[in-house]
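The block underneath contains the structure these notes are about, expressed in structure tokens.
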């Protein structure tokens, strides 16, 4: 079925668009297969407004007489309103939006049609790969190897083709260990700490089940990780109670008796439905202007979002502390190993590793730890906070990550090479994008859809000089030290730039940010000029 | 380390690093002796600038001595004992005199365009006869004759009759202030009615005057029983009466106490913090004050109407609302000098009772209340919403707050101008404003844009609840672990300084090609707002004769003032979870290591 068949009314004259921070505009509305296009009638300077249909989370129709009003709530939390003359036109448009905003078939989505003139499909896709990551870390070559046991995705459908594992463990053992882990996600290396040679591993839960099954190969694999060291830590991002309960459904945890050198730490990091509900409550509270102070604070508390941020940061801090301060390797996992596991390991890497804190380093980290490591973006980001659809697999884990990174940026404004604008852009792109990067749920699905040939890569696009200017942190100063965030509740803040993005106050702050950028650029030029003159004169 | 008590300061010197911490006795809000532990006798000192210091003193007898000395020292009985009278920053009399002349309120009223054809200076309070808590120079409508003034003052609580505090030249609208009328249930006063009439007539733009009673209606009603109350709209022609519902000093005091209790809790969880923030009501009160100021601003700038503001006595809520309103209306008050003028005018000269509210002398604890702190916080909330509108940064506000309580300068001593004259403060103490002005560089806001102010002369802040934040740098100024480790402000100032140096260097190069100075080109460290080291130069002799208490232990986290966090993280005491011991500890556990220093050797005891 062609997309155009969903469009009964393609053009509406005399529609009115109301969007936050702008005066209402009257003009022509167009619906295409992937966009809403609105052009106002200002003769002198016509304004166009383009909205990706995928960005629409929910719509509400209201009819009054012969005209109708559609309220559009976007996944980037913007709320728009369209007044459309003619009841039938209005209903047609609403129906088109409803269908076209949640297309299920990947190959119909916009990234497959997005062809900007300044970018080409032949451009390089992606920044990082397991092999590249491995080759950058020469220190670990004598104890670790790249295994392509998963080259046809048969061992683990959600892992990339290549993974880094201990040298002593051969591929047959990996296959067996994978059978003992949920979804085949056997322990693989995700971070090597140069300072002391310790590593972060991640996996999914072991399938010990109610009758305490064991797997010799899995035990050997973990033993090989701490080879030469006295112990390691396992950070289970579930409470010990949850881990116990998981045994009833075939999951479980590494018991003390079978993994004697590993010390288990339980920290409950929320994910899944609870996190989605938390986001919904928070956005609801931010969208209601009639609350008084007490009501707002109680809603904020009730949403628990900031508690989740606090837990995530402190668990990541704990992980980093194990590696950097205590000098031991760590295995981190939850149940599936595709959500909070990735969240914790990513934040910990940002805390410890200065290479991850540059603009390129951060994007490469996201690509490795989220896209390639199999965070199911398409399922998790199908809907955002406004949707009335029944919750399925939606969960804003990636958004929580960005919030945690923002808290880091807030506490260490000089240590990160990228700006808040980048985090906002990523938060938007993860939910609706012209690029292929966040499509699909795993490396396997992406290779089936041939994304790297048929769509453009967001990360590459963000690194182009023009874009880089907006997303680099003008005050960045590299520090080799670990950046330990404070996790006192008083130190954490609501990410106003995101949750209150469409308010006048957010604009003032943005202006101030822009001011910083301009000042720094001016001073740098000035400094260069002075240095140049100095050079000439001496 | 070693603890020293002097006549004015408590000084702690760490024996390992020679770092010293000094606390002014006037800053000490409370001293508490906790029960004896194995390491010694703990002493907790809470300061008015929200610093909390824990000492552990090994011998109980020493601890008791320190405790009782501090109790005596922190609460002087007479003004002469205050630090301001002994503080000497090595200035001669002329410099001191110039310092006091920095702020001239007469010139300020002239700047507003007063006196003019409708407003005049009156000398009725020349000898503080009509109202002893008002300044000598007062501005009233031309048509308000002396009998009207005197009559009106008799009908107002504490004689505080309606006078001009801000004149909005563009619309000739006035902001006036007074105290509540002594109306009881039915009393009237014709002079007072003509006074309001005169204010109304002085403004041709509007047919009526707003009368803002900043109290909740219930409080105003209750006051009627005591023969006070509020204006009856039937008796006053052309007024529009409005309650705005800011709570009284007692509610505010309790609210801040609750807030500090919550934020002072160890291992505070996010939920408890937010619930505590809500139940303290602190931000609700802050919002109420900003809301009232917005109401005032809209009436004056929007409708061009004059407004009369009062509460009960007209020196707490009235001061908050008038000053905050003026700040919203007039960009001048958002500059460093202008902000000083504003405080001098609406707070100092109009008789906000600093001595009572800040507990300068051993007074009635029921009179103590963080009214001025609230005002500073309201201003801070505005600076957060309008980063480009203020010439000063947060550190300016913090520094003012510091010195309101330090009693190091004469400005805030006493309760009113009359008392200050009796104390001869101008001759015997120094002015804070001169000191702050000399350090102006440290308080500049790098984002300040006069062009933005020209574009937006009147600020229209949003008071939607999510725009109010907890002011961490005020209430946790000394908790190093809580602050951002790196500061944008500091970096920007450094960069700007560098570029200025570069600029001037370039000029030097162009003028004289003297190459000798060029070594300085690159990096020049910029001083941020370091605390003014208050070295007591005179009268250092302690009451107890330089009592030395050895073998102290001090908690690491609270000891050092951090204006800006350091970028390194070595000093961090906070941990995310204990790695040794029990692993089920909840969340991140802040476990400041208590270091017991024995004969200068540190030994971890925790």
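Taking the stretch B:232-248 as the range and being more than 14 Å from residue B:292 (Cα to Cα) and surrounded by 20 or more Cβ atoms within 10 Å (Cβ to Cβ) as the test, the residues that pass are B:236, B:239. Within the stretch B:195-212, the set of residues being in contact with a strand residue (DSSP E or B) (Cβ under 6 Å, 6 or more places away or on another chain) and farther than 14 Å from residue B:144 by Cα comprises B:208, B:209, B:210, B:211, B:212.
Note on the stretch A:124-150: residues that are exposed (fewer than 12 other Cβ atoms within 10 Å of the Cβ) and not in a helix (DSSP H, G or I) total 2.
Got a number for residues in the stretch B:476-486 being assigned to a helix (DSSP H, G or I), more than 7 Å from chain A (Cβ to nearest Cβ) and under 21 Å from residue A:495 (Cα atoms)? Before the answer, list the steps.
Within the stretch B:476-486, the subset assigned to a helix (DSSP H, G or I) is B:480-482.
Going one step further and asking which of them are more than 7 Å from chain A (Cβ to nearest Cβ), we end up with B:480.
Subsequent filtering for residues that are under 21 Å from residue A:495 (Cα atoms) retains none.
The total comes to 0.
Among the residues of the stretch B:118-159, those that are assigned to a helix (DSSP H, G or I) and over 23 Å from residue B:413 (Cβ atoms) comprise B:146, B:147, B:148, B:149, B:150, B:151, B:152, B:153, B:154, B:157.
Please find, within the stretch A:322-341, the residue that is farthest from the other protein chains (Cβ to nearest Cβ) out of those that are assigned to a helix (DSSP H, G or I) and crowded, with 24+ Cβ neighbours inside 10 Å. Break it down into steps so the answer makes sense when it comes.
To start, the set of residues in the stretch A:322-341 that are assigned to a helix (DSSP H, G or I) comprises A:322-325, A:340-341.
Next, from what is left, pick out any that are crowded, with 24+ Cβ neighbours inside 10 Å: A:322-323, A:340-341.
Details: A:322: 7, A:323: 11, A:340: 15, A:341: 17 Å.
Filtering the stretch A:322-341 for residues that are assigned to a helix (DSSP H, G or I) and crowded, with 24+ Cβ neighbours inside 10 Å, the one farthest from the other protein chains (Cβ to nearest Cβ) comes out as A:341.
Of the residues A:310, A:349, A:378, the single one that is in contact (Cβ under 8 Å) with a residue 24 or more places away in the chain, within 11 Å of chain B (Cβ to nearest Cβ) and either part of a helix (DSSP H, G or I) or over 13 Å from the mean Cα position of the chain (by Cα) (or both) is A:310. Residues that are closer than 17 Å to residue B:311 by Cβ and in contact with a strand residue (DSSP E or B) (Cβ under 7 Å, 6 or more places away or on another chain) within the stretch B:149-165 comprise B:155, B:156, B:160, B:161, B:162, B:163, B:165, listed in sequence order.
On inspection, residue B:460 passes the criterion of being more than 7 Å from chain A (Cβ to nearest Cβ) and either part of a loop (DSSP other than H, G, I, E, B) or crowded, with 18+ Cβ neighbours inside 10 Å (or both).
Check whether at least one residue in the stretch A:280-290 is farther than 25 Å from residue A:399 by Cα and in a helix (DSSP H, G or I), and report yes or no. There is no residue in the stretch A:280-290 that is farther than 25 Å from residue A:399 by Cα and in a helix (DSSP H, G or I).
Report the residue count in the stretch A:16-41 for those that are in a loop (DSSP other than H, G, I, E, B) and in contact (Cβ under 8 Å) with a residue 12 or more places away in the chain.
First pass over the stretch A:16-41, keeping only residues in a loop (DSSP other than H, G, I, E, B): A:19-24, A:32-34, A:41.
Retained after the next criterion (residues that are in contact (Cβ under 8 Å) with a residue 12 or more places away in the chain): A:19-21, A:32-34, A:41.
The total comes to 7.
To keep it simple, each residue is scored yes or no on (1) within 30 Å of residue A:386 (Cα to Cα); (2) modelled with pLDDT of 90 or more; (3) out of contact with any helix residue (DSSP H, G or I) (no Cβ under 6 Å at 6 or more places or on another chain).
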| position | (1), (2), (3) |
| --- | --- |
| A:214 | no, no, yes |
| A:249 | no, no, yes |
| A:256 | no, no, yes |
| A:265 | no, yes, yes |
| A:278 | yes, yes, no |
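Of all residues in the stretch B:260-275, exactly one satisfies the criterion of being touching a strand residue (DSSP E or B) at 6+ places or on another chain (Cβ under 9 Å) and either crowded, with 21+ Cβ neighbours inside 10 Å or in a helix (DSSP H, G or I) (or both), namely B:260. Between A:97, A:72, the distinction of being in a helix (DSSP H, G or I) and under 28 Å from the mean Cα position of the chain (by Cα) belongs to A:97 only.
The listed residues are B:353, B:287, B:258, and the only one of them that is under 18 Å from the mean Cα position of the chain (by Cα) and within 14 Å of chain A (Cβ to nearest Cβ) turns out to be B:287.
Kindly indicate the residue of the stretch A:286-298 that is over 16 Å from residue B:285 (Cβ atoms) and either within 8 Å of another protein chain (Cβ to nearest Cβ) or over 25 Å from the mean Cα position of the chain (by Cα) (or both) and also surrounded by the most Cβ atoms within 10 Å (Cβ to Cβ) among those meeting that condition. Before the answer, list the steps.
First, the residues of the stretch A:286-298 that are over 16 Å from residue B:285 (Cβ atoms): A:286-291, A:298.
Then keep just the ones that are either within 8 Å of another protein chain (Cβ to nearest Cβ) or over 25 Å from the mean Cα position of the chain (by Cα) (or both); that gives A:286, A:288-291, A:298.
Numbers: A:286: 25, A:288: 14, A:289: 11, A:290: 7, A:291: 18, A:298: 17.
Ranking the candidates gives A:286 first.
Among the candidates B:319, B:299, single out the residue that is away from chain A (no Cβ under 14 Å), closer than 21 Å to residue B:196 by Cα and surrounded by fewer than 24 Cβ atoms within 10 Å (Cβ to Cβ). Give the steps one after another, and end with the answer.
Details: B:319 fails: surrounded by fewer than 24 Cβ atoms within 10 Å (Cβ to Cβ).
That would be B:299, the only listed residue that is away from chain A (no Cβ under 14 Å), closer than 21 Å to residue B:196 by Cα and surrounded by fewer than 24 Cβ atoms within 10 Å (Cβ to Cβ).
Scan the stretch A:299-311 and give yes if some residue there is surrounded by fewer than 23 Cβ atoms within 10 Å (Cβ to Cβ) and out of contact with any helix residue (DSSP H, G or I) (no Cβ under 7 Å at 6 or more places or on another chain), otherwise no. Checked the stretch A:299-311: no residue is surrounded by fewer than 23 Cβ atoms within 10 Å (Cβ to Cβ) and out of contact with any helix residue (DSSP H, G or I) (no Cβ under 7 Å at 6 or more places or on another chain).
The helices (runs of 4 or more DSSP H) found entirely in the stretch A:444-521 that carry 2 or more residues being surrounded by fewer than 18 Cβ atoms within 10 Å (Cβ to Cβ) and more than 12 Å from every other protein chain (Cβ to nearest Cβ) are A:451-454, A:465-471.
Only one entry of A:326, A:294 meets the criterion of being in contact with a helix residue (DSSP H, G or I) (Cβ under 8 Å, 6 or more places away or on another chain) and more than 17 Å from residue A:489 (Cβ to Cβ), and that entry is A:294. Residues being closer than 15 Å to residue A:33 by Cβ, out of contact with any helix residue (DSSP H, G or I) (no Cβ under 6 Å at 6 or more places or on another chain) and assigned to a strand (DSSP E or B) are represented in the stretch A:52-68 by at least one member.
The values are calculated or read from the model by the stated rules, or taken from the named source; none is laboratory data. Here the structure is a predicted model, which is why all the values come from computation and not from measurement. Cβ: placed from backbone, ideal geometry, glycine included. Neighbour counts: every protein chain shown.
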